[in-house]
1. Looking at the stretch 28-41, is at least one residue among the hydroxyl-bearing types (Ser, Thr, Tyr) and buried (at least 20 other Cβ atoms within 10 Å of the Cβ)?
2. Testing Val147 on (1) over 18 Å from Thr104 (Cβ atoms); (2) surrounded by fewer than 20 Cβ atoms within 10 Å (Cβ to Cβ), one condition comes back false. Which one is that?
3. Could you please let me know if Phe160 is out of contact with any strand residue (DSSP E or B) (no Cβ under 6 Å at 6 or more places or on another chain), surrounded by 18 or more Cβ atoms within 10 Å (Cβ to Cβ) and within 25 Å of Ile14 (Cα to Cα)?
4. From the list Leu91, Leu65, pick out the single residue that is at pLDDT 90 or above and of a type outside the set (Phe, Trp, Tyr).
5. Within the set of pairs 6+ apart or on separate chains, which have a first residue in the stretch 91-113 that is free of Cβ contacts under 8 Å to residues at least 60 places away in the same chain, a second that is surrounded by fewer than 22 Cβ atoms within 10 Å (Cβ to Cβ) and part of a helix (DSSP H, G or I), and C-beta atoms under 6 Å apart?
6. What tally of residues in the stretch 9-42 results from selecting those that are outside any helix (DSSP H, G or I) and over 19 Å from the mean Cα position of the chain (by Cα)?
7. Suppose the filter is of a type outside the set (D, E, K, R), crowded, with 24+ Cβ neighbours inside 10 Å and touching a residue at least 40 places away in the same chain (Cβ under 8 Å); does Gly131 pass it?
8. Taking the stretch 81-99 on its own, how many of its residues are touching a helix residue (DSSP H, G or I) at 6+ places or on another chain (Cβ under 7 Å) and under 21 Å from Leu41 (Cα atoms)?
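The values are calculated or read from the model by the stated rules, or taken from the named source; none is laboratory data. No experiment lies behind these values; they were computed from the predicted model shown. Cβ placement follows ideal geometry from the backbone for every residue including glycine, while neighbour counts extend to all protein chains displayed.
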Amino acid sequence: MHIADGVLSAPVWIGSLAVTAAITGISLKKMKTEDIPRISLMTSAFFIASLIHIPIWPTSVHLMLNGLVGIILGPMAFVAILAGLILQALLFKHGAITTIGANTVMMGLPAIVAYYLFWLRRLFNFPASVGIFGALSGAAAVFLGVVILALLLVTTGSEFIVVAKLAAVAHLPVMVIEGLIAAFVVTFLKKVKPEMLGA
């Protein structure tokens, strides 16, 4: 789900860069030195998961793990995703420099939402709540990313409506897979390292 150069209109990609800069600034102010190893680990996971993709111009279908990154990092997920996207754009030409802001908003904001959705598990006290809310958070992050992608494309021009619909349909299996991955990982972490779920 990377937007390439030349797809978005100038006001859209410039506005997205401004939003990204603002959220990154807020996140960096909250970052602590002890957060860096965890952020690095999740940046690596996001980077690797996003490398293998099937292009569907002007976007692509691939695992993102932004929901899982959000669950583990909370608001710091935005910084991890930005770093991963910059590396992908510079090293592998996934996405583009002008759309770094749009791609970060598209994947970073849903990651933060996934964190707060996962936090709601604390209101419920049953054994499977961690796995269920992990699955919901993982799937919701992909869904919200597709919604933001569609909005970015449609605000650029009505000719992208078909592409937005195609991206939404193509990402339905990704939502299911990411939900299952997130459920498995958070259930495992709850047993072996529960402090990682308390970002």
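1. For the stretch 28-41, residues among the hydroxyl-bearing types (Ser, Thr, Tyr) and buried (at least 20 other Cβ atoms within 10 Å of the Cβ): absent.
2. Of the numbered conditions (1) over 18 Å from Thr104 (Cβ atoms); (2) surrounded by fewer than 20 Cβ atoms within 10 Å (Cβ to Cβ), the odd one out for Val147 is (1).
3. yes
4. Being at pLDDT 90 or above and of a type outside the set (Phe, Trp, Tyr) holds for just one of Leu91, Leu65, which is Leu65.
5. That search, which allows pairs on different chains as well, returns Pro110/Leu144; Ile112/Pro75; Val113/Leu144.
6. 2
7. It is false that Gly131 is of a type outside the set (D, E, K, R), crowded, with 24+ Cβ neighbours inside 10 Å and touching a residue at least 40 places away in the same chain (Cβ under 8 Å).
8. So the count comes out to 10.
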